[in-house]
Amino acid sequence: MLRYIFICCTLTFIFSNQIYKEIRLENYNNSMIPFLSSIGIDLDHIYKDGDHIQFAISNYDLDKLQSYNVNYEIIHQNLEEFYASRLTNDYESRDFELGSMGGYYTYDEIVEQLNQIHNEYPLLTHKILIGNSLEGRDIWAIKLSDNADSDENEPEVLYTGLHHAREPMSYMNLFYYMQWLLENYQLDSLAEHLLNNRELWFIPAVNPDGLVYNQSIAPNGGGMQRKNMLETCDGGVDGVDLNRNYSYMWAYDNEGSSPDGCGETCRGNTPFSEPETQIIRDFVEEHDFPVSFNYHSYGNLFIYPLGYEYENTVPEEDLAIFIEYGEDMVQYNGYALGTGPDLLYTVNGEACDWMYGSEGIFSYTPEIGTNQDGFWPQTNRIVPLAEE
(Lines give C-alpha, C1' and ligand atoms only; values in the text may rest on other atoms or scores of the structure.)
Protein backbone atom coordinates (compact mmCIF):
# COMPACT_ATOMS: atom_id res chain seq x y z
CA MET A 1 0.00 0.00 0.00
CA LEU A 2 2.84 2.43 0.81
CA ARG A 3 4.49 1.64 -2.52
CA TYR A 4 1.17 2.30 -4.30
CA ILE A 5 0.77 5.66 -2.54
CA PHE A 6 4.35 6.61 -3.43
CA ILE A 7 3.82 5.74 -7.10
CA CYS A 8 0.58 7.73 -7.26
CA CYS A 9 2.16 10.74 -5.62
CA THR A 10 5.19 10.51 -7.92
CA LEU A 11 3.02 10.36 -11.04
CA THR A 12 0.98 13.32 -9.83
CA PHE A 13 4.20 15.29 -9.48
CA ILE A 14 5.60 14.21 -12.86
CA PHE A 15 2.38 14.88 -14.74
CA SER A 16 1.78 18.30 -13.24
CA ASN A 17 -1.67 19.75 -13.78
CA GLN A 18 -1.06 22.23 -16.58
CA ILE A 19 -3.46 25.19 -16.69
CA TYR A 20 -5.32 25.68 -19.96
CA LYS A 21 -6.95 28.88 -21.11
CA GLU A 22 -9.17 29.69 -24.04
CA ILE A 23 -7.95 32.69 -26.00
CA ARG A 24 -8.99 34.77 -28.99
CA LEU A 25 -6.67 36.17 -31.64
CA GLU A 26 -7.98 39.04 -33.77
CA ASN A 27 -7.21 39.96 -37.40
CA TYR A 28 -7.17 36.39 -38.65
CA ASN A 29 -5.73 35.73 -42.11
CA ASN A 30 -4.39 32.71 -44.00
CA SER A 31 -0.85 33.25 -42.77
CA MET A 32 -1.76 33.14 -39.07
CA ILE A 33 -2.00 29.36 -38.65
CA PRO A 34 1.35 28.61 -40.41
CA PHE A 35 2.95 31.34 -38.28
CA LEU A 36 1.59 29.90 -35.04
CA SER A 37 2.79 26.44 -36.06
CA SER A 38 6.23 27.82 -36.93
CA ILE A 39 6.69 29.15 -33.39
CA GLY A 40 5.62 25.84 -31.84
CA ILE A 41 2.00 26.58 -30.96
CA ASP A 42 -0.12 23.43 -31.11
CA LEU A 43 -3.51 24.29 -32.56
CA ASP A 44 -6.30 22.06 -31.35
CA HIS A 45 -9.90 22.57 -32.42
CA ILE A 46 -9.58 26.18 -33.45
CA TYR A 47 -12.83 28.05 -33.93
CA LYS A 48 -12.89 30.57 -36.76
CA ASP A 49 -15.40 33.39 -36.64
CA GLY A 50 -14.98 36.23 -39.09
CA ASP A 51 -11.66 37.93 -38.47
CA HIS A 52 -10.68 36.06 -35.30
CA ILE A 53 -9.91 32.54 -34.06
CA GLN A 54 -10.36 30.95 -30.63
CA PHE A 55 -8.62 27.90 -29.21
CA ALA A 56 -7.45 26.24 -26.00
CA ILE A 57 -3.84 26.76 -25.02
CA SER A 58 -1.61 25.60 -22.18
CA ASN A 59 0.51 27.98 -20.14
CA TYR A 60 3.52 26.31 -21.78
CA ASP A 61 2.39 27.46 -25.24
CA LEU A 62 1.10 30.78 -23.97
CA ASP A 63 4.65 31.67 -22.97
CA LYS A 64 5.63 31.25 -26.63
CA LEU A 65 2.93 33.65 -27.77
CA GLN A 66 4.11 36.21 -25.27
CA SER A 67 7.74 35.84 -26.35
CA TYR A 68 6.69 36.82 -29.88
CA ASN A 69 4.52 39.68 -28.61
CA VAL A 70 1.35 38.19 -30.08
CA ASN A 71 -1.72 40.02 -28.79
CA TYR A 72 -4.54 37.85 -27.50
CA GLU A 73 -7.71 38.11 -25.42
CA ILE A 74 -8.43 35.57 -22.67
CA ILE A 75 -11.94 34.11 -22.93
CA HIS A 76 -11.59 31.64 -20.04
CA GLN A 77 -8.79 31.86 -17.49
CA ASN A 78 -9.02 28.20 -16.50
CA LEU A 79 -10.83 25.85 -18.87
CA GLU A 80 -10.81 22.93 -16.45
CA GLU A 81 -12.65 25.00 -13.85
CA PHE A 82 -15.01 26.41 -16.48
CA TYR A 83 -15.96 22.96 -17.77
CA ALA A 84 -16.33 21.56 -14.25
CA SER A 85 -18.69 24.41 -13.34
CA ARG A 86 -21.15 23.22 -16.01
CA LEU A 87 -21.18 19.56 -14.99
CA THR A 88 -23.43 17.91 -12.44
CA ASN A 89 -24.18 14.43 -11.15
CA ASP A 90 -27.78 15.39 -10.28
CA TYR A 91 -29.01 15.33 -13.87
CA GLU A 92 -30.87 12.21 -14.95
CA SER A 93 -31.90 11.07 -18.40
CA ARG A 94 -34.87 8.81 -18.94
CA ASP A 95 -33.29 7.47 -22.12
CA PHE A 96 -29.69 6.83 -21.17
CA GLU A 97 -27.65 5.97 -18.07
CA LEU A 98 -25.13 8.71 -17.34
CA GLY A 99 -21.82 8.38 -15.50
CA SER A 100 -20.46 9.69 -12.19
CA MET A 101 -17.99 12.17 -13.71
CA GLY A 102 -20.36 15.05 -14.39
CA GLY A 103 -22.48 12.64 -16.43
CA TYR A 104 -19.52 11.08 -18.24
CA TYR A 105 -18.27 7.55 -17.62
CA THR A 106 -15.08 6.95 -15.71
CA TYR A 107 -12.77 4.25 -17.07
CA ASP A 108 -14.21 1.70 -14.61
CA GLU A 109 -17.72 2.68 -15.67
CA ILE A 110 -16.80 2.18 -19.33
CA VAL A 111 -15.77 -1.39 -18.49
CA GLU A 112 -18.91 -1.86 -16.37
CA GLN A 113 -21.11 -0.62 -19.21
CA LEU A 114 -19.47 -3.02 -21.66
CA ASN A 115 -20.01 -5.89 -19.22
CA GLN A 116 -23.61 -4.87 -18.67
CA ILE A 117 -24.29 -4.65 -22.40
CA HIS A 118 -22.79 -8.08 -22.97
CA ASN A 119 -24.65 -9.64 -20.05
CA GLU A 120 -28.00 -8.20 -21.16
CA TYR A 121 -27.56 -9.12 -24.83
CA PRO A 122 -25.26 -12.18 -24.92
CA LEU A 123 -26.45 -13.33 -28.35
CA LEU A 124 -26.02 -9.92 -29.97
CA THR A 125 -22.64 -8.98 -28.49
CA HIS A 126 -19.13 -10.38 -28.41
CA LYS A 127 -16.63 -8.65 -26.07
CA ILE A 128 -12.86 -9.18 -26.32
CA LEU A 129 -9.70 -7.79 -24.74
CA ILE A 130 -7.50 -6.47 -27.55
CA GLY A 131 -4.50 -5.28 -25.53
CA ASN A 132 -3.18 -3.14 -22.71
CA SER A 133 -2.30 0.52 -22.51
CA LEU A 134 1.06 1.99 -21.54
CA GLU A 135 0.11 1.79 -17.85
CA GLY A 136 -1.37 -1.69 -18.23
CA ARG A 137 -5.09 -0.92 -18.48
CA ASP A 138 -7.32 -3.18 -20.55
CA ILE A 139 -8.49 -1.90 -23.93
CA TRP A 140 -11.72 -3.59 -24.95
CA ALA A 141 -13.59 -4.11 -28.19
CA ILE A 142 -17.18 -5.24 -28.50
CA LYS A 143 -18.96 -6.53 -31.59
CA LEU A 144 -22.68 -6.04 -32.16
CA SER A 145 -24.36 -8.39 -34.63
CA ASP A 146 -26.83 -11.23 -34.75
CA ASN A 147 -24.89 -14.42 -34.04
CA ALA A 148 -22.21 -12.19 -32.53
CA ASP A 149 -19.95 -15.06 -31.49
CA SER A 150 -19.67 -16.20 -35.10
CA ASP A 151 -17.51 -14.59 -37.79
CA GLU A 152 -20.10 -14.36 -40.54
CA ASN A 153 -19.54 -13.20 -44.10
CA GLU A 154 -20.92 -9.72 -43.42
CA PRO A 155 -19.41 -6.25 -43.91
CA GLU A 156 -17.58 -5.00 -40.83
CA VAL A 157 -17.57 -1.43 -39.49
CA LEU A 158 -15.20 0.03 -36.88
CA TYR A 159 -16.08 2.78 -34.39
CA THR A 160 -13.41 4.19 -32.05
CA GLY A 161 -13.53 6.78 -29.28
CA LEU A 162 -11.17 8.58 -26.91
CA HIS A 163 -7.98 8.89 -28.89
CA HIS A 164 -7.81 12.16 -26.93
CA ALA A 165 -8.47 11.87 -23.20
CA ARG A 166 -10.28 15.21 -22.86
CA GLU A 167 -12.95 14.32 -25.43
CA PRO A 168 -15.43 12.15 -23.50
CA MET A 169 -18.33 12.72 -25.93
CA SER A 170 -16.33 10.54 -28.31
CA TYR A 171 -17.29 7.48 -26.27
CA MET A 172 -20.58 8.58 -24.71
CA ASN A 173 -22.17 8.75 -28.16
CA LEU A 174 -20.92 5.23 -28.96
CA PHE A 175 -22.60 3.81 -25.87
CA TYR A 176 -25.80 5.66 -26.77
CA TYR A 177 -25.70 4.17 -30.28
CA MET A 178 -25.00 0.66 -29.00
CA GLN A 179 -27.89 0.92 -26.55
CA TRP A 180 -30.22 2.13 -29.28
CA LEU A 181 -29.32 -0.71 -31.61
CA LEU A 182 -29.76 -3.40 -28.97
CA GLU A 183 -32.93 -2.04 -27.38
CA ASN A 184 -34.59 -1.55 -30.76
CA TYR A 185 -33.42 -4.75 -32.44
CA GLN A 186 -36.91 -6.27 -32.52
CA LEU A 187 -38.74 -2.94 -32.65
CA ASP A 188 -37.10 -0.92 -35.42
CA SER A 189 -36.48 -2.13 -38.97
CA LEU A 190 -33.22 -0.17 -39.32
CA ALA A 191 -31.74 -1.55 -36.08
CA GLU A 192 -32.80 -5.05 -37.12
CA HIS A 193 -31.30 -4.67 -40.59
CA LEU A 194 -27.97 -3.39 -39.27
CA LEU A 195 -27.51 -6.12 -36.70
CA ASN A 196 -28.65 -8.84 -39.10
CA ASN A 197 -26.42 -7.74 -41.96
CA ARG A 198 -23.35 -6.09 -40.40
CA GLU A 199 -20.67 -6.77 -37.83
CA LEU A 200 -20.29 -3.51 -35.90
CA TRP A 201 -17.09 -3.26 -33.83
CA PHE A 202 -16.70 -0.62 -31.11
CA ILE A 203 -13.51 0.39 -29.26
CA PRO A 204 -14.83 3.09 -26.90
CA ALA A 205 -11.60 4.03 -25.09
CA VAL A 206 -8.33 4.01 -27.06
CA ASN A 207 -6.62 6.16 -24.40
CA PRO A 208 -7.71 4.88 -20.97
CA ASP A 209 -4.60 6.15 -19.14
CA GLY A 210 -5.23 9.76 -20.12
CA LEU A 211 -8.85 9.41 -19.01
CA VAL A 212 -7.85 8.02 -15.61
CA TYR A 213 -5.39 10.88 -15.17
CA ASN A 214 -8.14 13.37 -15.95
CA GLN A 215 -10.29 11.64 -13.35
CA SER A 216 -7.50 12.10 -10.79
CA ILE A 217 -7.12 15.84 -11.38
CA ALA A 218 -10.80 16.59 -12.02
CA PRO A 219 -13.04 13.89 -10.48
CA ASN A 220 -16.22 15.67 -11.51
CA GLY A 221 -15.06 16.17 -15.10
CA GLY A 222 -13.22 18.86 -17.02
CA GLY A 223 -9.67 17.44 -17.03
CA MET A 224 -7.62 18.73 -19.95
CA GLN A 225 -5.00 16.00 -20.50
CA ARG A 226 -5.12 15.17 -24.22
CA LYS A 227 -2.29 12.71 -24.82
CA ASN A 228 -1.33 9.35 -23.38
CA MET A 229 0.82 9.14 -20.25
CA LEU A 230 4.32 8.59 -21.59
CA GLU A 231 6.84 10.79 -19.80
CA THR A 232 8.08 13.13 -22.55
CA CYS A 233 8.49 16.60 -21.10
CA ASP A 234 10.02 18.80 -18.41
CA GLY A 235 7.83 21.77 -17.57
CA GLY A 236 5.03 21.21 -20.06
CA VAL A 237 2.48 18.53 -20.88
CA ASP A 238 3.71 14.93 -20.98
CA GLY A 239 2.51 12.30 -23.41
CA VAL A 240 2.22 11.34 -27.07
CA ASP A 241 -0.75 12.45 -29.16
CA LEU A 242 -2.07 9.08 -30.26
CA ASN A 243 -3.76 10.69 -33.25
CA ARG A 244 -0.37 11.77 -34.61
CA ASN A 245 1.36 8.42 -34.00
CA TYR A 246 0.06 6.41 -36.99
CA SER A 247 2.48 5.58 -39.77
CA TYR A 248 0.92 7.16 -42.85
CA MET A 249 2.81 10.41 -43.54
CA TRP A 250 4.08 10.33 -39.95
CA ALA A 251 6.31 13.38 -39.30
CA TYR A 252 5.54 14.74 -42.78
CA ASP A 253 6.16 18.21 -41.34
CA ASN A 254 6.10 20.04 -38.01
CA GLU A 255 2.85 21.87 -38.76
CA GLY A 256 0.62 18.79 -38.74
CA SER A 257 2.36 17.24 -35.75
CA SER A 258 5.09 18.21 -33.31
CA PRO A 259 8.50 16.77 -32.46
CA ASP A 260 8.30 18.57 -29.10
CA GLY A 261 7.60 16.19 -26.22
CA CYS A 262 5.81 19.02 -24.42
CA GLY A 263 3.61 19.81 -27.41
CA GLU A 264 -0.07 18.91 -27.55
CA THR A 265 0.48 17.19 -30.92
CA CYS A 266 3.69 15.36 -29.98
CA ARG A 267 3.93 12.52 -32.48
CA GLY A 268 6.28 10.19 -30.56
CA ASN A 269 9.73 8.99 -31.53
CA THR A 270 8.60 6.59 -34.27
CA PRO A 271 5.36 5.58 -36.01
CA PHE A 272 3.32 3.27 -33.80
CA SER A 273 5.71 3.84 -30.90
CA GLU A 274 2.78 3.70 -28.46
CA PRO A 275 1.06 0.49 -27.33
CA GLU A 276 -2.36 2.08 -27.84
CA THR A 277 -1.82 2.75 -31.56
CA GLN A 278 -0.15 -0.63 -32.00
CA ILE A 279 -3.34 -2.21 -30.65
CA ILE A 280 -5.51 -0.33 -33.15
CA ARG A 281 -3.11 -1.20 -35.99
CA ASP A 282 -3.12 -4.90 -35.16
CA PHE A 283 -6.90 -5.01 -34.71
CA VAL A 284 -7.54 -3.26 -38.03
CA GLU A 285 -5.12 -5.55 -39.86
CA GLU A 286 -6.89 -8.61 -38.43
CA HIS A 287 -10.20 -7.46 -39.92
CA ASP A 288 -11.64 -6.27 -43.21
CA PHE A 289 -13.25 -2.91 -42.55
CA PRO A 290 -14.62 -1.14 -45.63
CA VAL A 291 -15.49 1.87 -43.47
CA SER A 292 -14.59 3.27 -40.06
CA PHE A 293 -15.43 6.20 -37.81
CA ASN A 294 -12.90 7.65 -35.35
CA TYR A 295 -14.89 9.92 -33.05
CA HIS A 296 -13.58 13.14 -31.53
CA SER A 297 -14.96 16.41 -30.19
CA TYR A 298 -15.59 19.23 -30.93
CA GLY A 299 -16.56 21.39 -33.92
CA ASN A 300 -19.72 19.94 -35.56
CA LEU A 301 -17.49 18.62 -38.32
CA PHE A 302 -17.37 15.48 -40.46
CA ILE A 303 -13.82 15.06 -41.73
CA TYR A 304 -12.49 12.73 -44.39
CA PRO A 305 -8.89 12.08 -45.62
CA LEU A 306 -6.37 13.12 -46.59
CA GLY A 307 -5.26 15.71 -44.06
CA TYR A 308 -1.48 15.93 -44.24
CA GLU A 309 -1.35 18.75 -46.82
CA TYR A 310 -3.70 21.32 -48.32
CA GLU A 311 -3.85 19.73 -51.79
CA ASN A 312 -5.81 16.51 -51.39
CA THR A 313 -4.24 13.60 -53.28
CA VAL A 314 -7.18 11.20 -52.89
CA PRO A 315 -8.05 9.77 -56.35
CA GLU A 316 -11.14 11.39 -57.88
CA GLU A 317 -13.22 8.20 -57.76
CA ASP A 318 -12.59 7.69 -54.03
CA LEU A 319 -13.03 11.39 -53.32
CA ALA A 320 -16.46 11.26 -54.93
CA ILE A 321 -17.38 8.37 -52.63
CA PHE A 322 -16.12 10.21 -49.53
CA ILE A 323 -18.21 13.25 -50.46
CA GLU A 324 -21.34 11.35 -51.51
CA TYR A 325 -21.46 9.23 -48.36
CA GLY A 326 -20.44 12.19 -46.23
CA GLU A 327 -23.25 14.36 -47.59
CA ASP A 328 -25.74 11.60 -46.80
CA MET A 329 -24.49 11.41 -43.21
CA VAL A 330 -24.54 15.15 -42.43
CA GLN A 331 -27.87 15.98 -44.06
CA TYR A 332 -29.74 15.96 -40.73
CA ASN A 333 -27.19 17.14 -38.16
CA GLY A 334 -25.75 19.87 -40.40
CA TYR A 335 -22.10 19.09 -39.65
CA ALA A 336 -19.59 20.74 -41.99
CA LEU A 337 -18.06 18.21 -44.41
CA GLY A 338 -14.49 18.40 -45.66
CA THR A 339 -10.86 17.48 -45.08
CA GLY A 340 -8.91 18.61 -42.03
CA PRO A 341 -7.11 21.36 -43.97
CA ASP A 342 -10.44 22.49 -45.48
CA LEU A 343 -12.07 22.87 -42.08
CA LEU A 344 -9.25 23.30 -39.54
CA TYR A 345 -5.58 22.70 -40.30
CA THR A 346 -3.20 20.03 -41.56
CA VAL A 347 -2.46 16.87 -39.57
CA ASN A 348 -0.04 14.02 -40.14
CA GLY A 349 0.27 10.60 -38.58
CA GLU A 350 -3.50 10.66 -38.08
CA ALA A 351 -5.75 7.59 -37.71
CA CYS A 352 -8.14 8.19 -40.62
CA ASP A 353 -5.30 9.06 -42.99
CA TRP A 354 -3.58 5.80 -42.03
CA MET A 355 -6.75 3.73 -42.30
CA TYR A 356 -7.41 5.08 -45.79
CA GLY A 357 -3.87 5.70 -47.05
CA SER A 358 -2.39 2.41 -45.84
CA GLU A 359 -5.38 0.09 -45.40
CA GLY A 360 -7.86 1.32 -48.03
CA ILE A 361 -10.64 1.98 -45.49
CA PHE A 362 -13.11 4.78 -46.10
CA SER A 363 -12.57 6.43 -42.73
CA TYR A 364 -14.25 9.50 -41.26
CA THR A 365 -13.71 11.69 -38.19
CA PRO A 366 -16.94 13.01 -36.65
CA GLU A 367 -16.19 16.00 -34.37
CA ILE A 368 -19.09 16.17 -31.96
CA GLY A 369 -20.39 19.40 -30.43
CA THR A 370 -20.26 23.12 -31.04
CA ASN A 371 -17.61 25.59 -29.98
CA GLN A 372 -19.84 26.44 -27.02
CA ASP A 373 -19.91 22.77 -26.01
CA GLY A 374 -16.13 22.51 -26.07
CA PHE A 375 -14.27 19.45 -24.81
CA TRP A 376 -16.64 18.77 -21.90
CA PRO A 377 -20.20 19.68 -22.92
CA GLN A 378 -22.50 20.42 -20.02
CA THR A 379 -24.31 17.41 -18.61
CA ASN A 380 -27.69 18.09 -20.18
CA ARG A 381 -26.06 18.20 -23.64
CA ILE A 382 -24.76 14.60 -23.55
CA VAL A 383 -27.92 12.95 -24.86
CA PRO A 384 -28.77 15.61 -27.50
CA LEU A 385 -25.24 15.41 -28.86
CA ALA A 386 -25.35 11.61 -28.92
CA GLU A 387 -28.64 11.82 -30.84
CA GLU A 388 -26.96 13.95 -33.49
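The values are calculated or read from the model by the stated rules, or taken from the named source; none is laboratory data. All figures in this text were calculated on a predicted structure; none of them were measured in a lab. All Cβ positions, even for glycine, are placed from backbone atoms using ideal geometry, and neighbour counts span all protein chains on display. For accessibility, only protein heavy atoms count, side chains too; no ligands or nucleic acids. Shrake-Rupley method; radii C 1.70, N 1.55, O 1.52, S 1.80 Å.
For the chain, the 222 nm mean residue ellipticity estimated from helices alone, with every DSSP H stretch of n ≥ 4 adding -39500 (n - 2.57) and the total spread over all residues, rounds to -9500 deg cm²/dmol. 5 Å is the cut-off here: which amide hydrogens, built 1.01 Å from N in the peptide plane, fall below it relative to Lys127, excluding neighbours closer than 5 in sequence? Amide H neighbours of Lys127: Lys143. Couplings for segment 355-367, taken from phi via the Karplus curve 6.51 cos²θ - 1.76 cosθ + 1.60 with θ = phi - 60°, read 4, 7, x, 9, 10, x, 8, 6, 10, 10, 10, x, 9 Hz in order; Gly and Pro are left as x. Assign one of three labels to segment 193-317, namely rounded, prolate or oblate, based on the Cα gyration tensor with a ≥ b ≥ c the square roots of its eigenvalues; rounded applies when a/c is under 1.5, prolate when it is not and a/b is larger than b/c, and oblate otherwise. Oblate shape, in that a/c is at least 1.5 and b/c is the bigger or equal ratio. How much of the accessible area of segment 195-251, probe 1.4 Å, is carbon plus sulfur, in whole percent? Carbon-and-sulfur percentage of accessible area, whole number: 44.
Per the Kirkwood formula applied to alpha carbons, segment 240-281 shows a radius of gyration over Rh ratio, Rg over Rh, of 0.92.
Among DSSP bridges having both ends in the chain, what percentage is antiparallel? Round to the nearest 5. Around 60 percent of the beta bridges assigned by DSSP in the chain are antiparallel ones. Within straight-line reach of Lys227, meaning a Cα separation under 23 Å, sit the following lysines at least 8 residues removed in sequence or on another chain: Lys21, Lys64. Each label was represented as a point 7 Å from its Cα along the Cα-to-Cβ direction; for Tyr68 and Asn371 these points are 2.0 nm apart.
Among His193, His164, His287, the order of accessible area from largest down is His193, His287, His164, computed with a 1.4 Å probe on protein heavy atoms. Overall, the chain carries a charge dipole of about 1240 debye about its Cα centre when +1 sits on the Cβ of Lys and Arg and -1 on the Cβ of Asp and Glu, all other atoms neutral.
3J(HN,Hα) couplings calculated from phi for segment 271-285 with the Karplus curve 6.51 cos²θ - 1.76 cosθ + 1.60 (θ = phi - 60°) are, in sequence order, x, 6, 6, 9, x, 5, 6, 4, 4, 5, 4, 5, 5, 4, 6 Hz; Gly and Pro show x.
If every alpha-carbon in the chain counts as one equal scatterer, what log10 I(q)/I(0) does Debye give at q = 0.09, 0.12, 0.13 1/Å? The computed values of log10 I(q)/I(0) come out as -0.50, -0.92, -1.10. For the chain, relative contact order (Cα pairs under 8 Å, six or more residues apart, normalised by length) works out to 18 percent. Could you work out Rg/(2.2 N^0.38 Å) for segment 341-388, with Rg from alpha carbons only? The value comes to 1.47.
Stretching the chain fully between Asp253 and Gln278 yields a gain of 6.8 nm (0.36 nm per residue, less the alpha carbon separation). Using a probe of 1.4 angstrom and keeping all protein chains present, the accessible surface of the chain works out to 42 square angstrom per residue. In order along segment 237-243, the Karplus-derived 3J(HN,Hα) couplings, from 6.51 cos²θ - 1.76 cosθ + 1.60 at θ = phi - 60°, round to 9, 6, x, 10, 6, 4, 8 Hz, and Gly and Pro are given as x.
Ordering Cys266, Met249, Thr160 by Cα displacement along the dipole of segment 144-286 toward the positive end leaves Cys266 in first place; charges were set at the Cβ atoms of Lys, Arg (+1) and Asp, Glu (-1). Heavy-atom accessible area, probed at 1.4 angstrom with all protein chains present, ranks Trp180, Trp140, Trp376 as Trp180, Trp140, Trp376, highest first. Under a 5 Å amide H cut-off, with hydrogens placed 1.01 Å from N, Phe362 pairs with Val291, Ser292 among residues at least 5 apart or on other chains.
Between the Cα long axis of helix 316-330 and the first principal axis of the chain there is an angle of about 80°, rounded to the nearest 10. Rounded to the nearest 10 square angstrom, Thr88 shows an accessible area of 50 square angstrom against a 1.4 Å probe. If R0 is taken as 25 Å, the Cβ-Cβ distance between Asp51 and Tyr310 corresponds to a FRET efficiency of 0.75.
Remark: accessible surface ordering of Met355, Met249 (largest first) is Met249, Met355, probe radius 1.4 Å. Note on Ser31: accessible area is roughly 70 Å² with a 1.4 Å probe, heavy atoms of protein only. Between amide H atoms placed 1.01 Å from N, distances below 5 Å from Cys262 occur with no residue 5 or more places distant or on a separate chain. Given the options Val240, Gln331, Leu190, identify the residue whose Cα lies farthest towards the positive end of the charge dipole of the chain (+1 on Cβ of Lys, Arg; -1 on Cβ of Asp, Glu). The one lying farthest along the dipole's positive direction is Val240.
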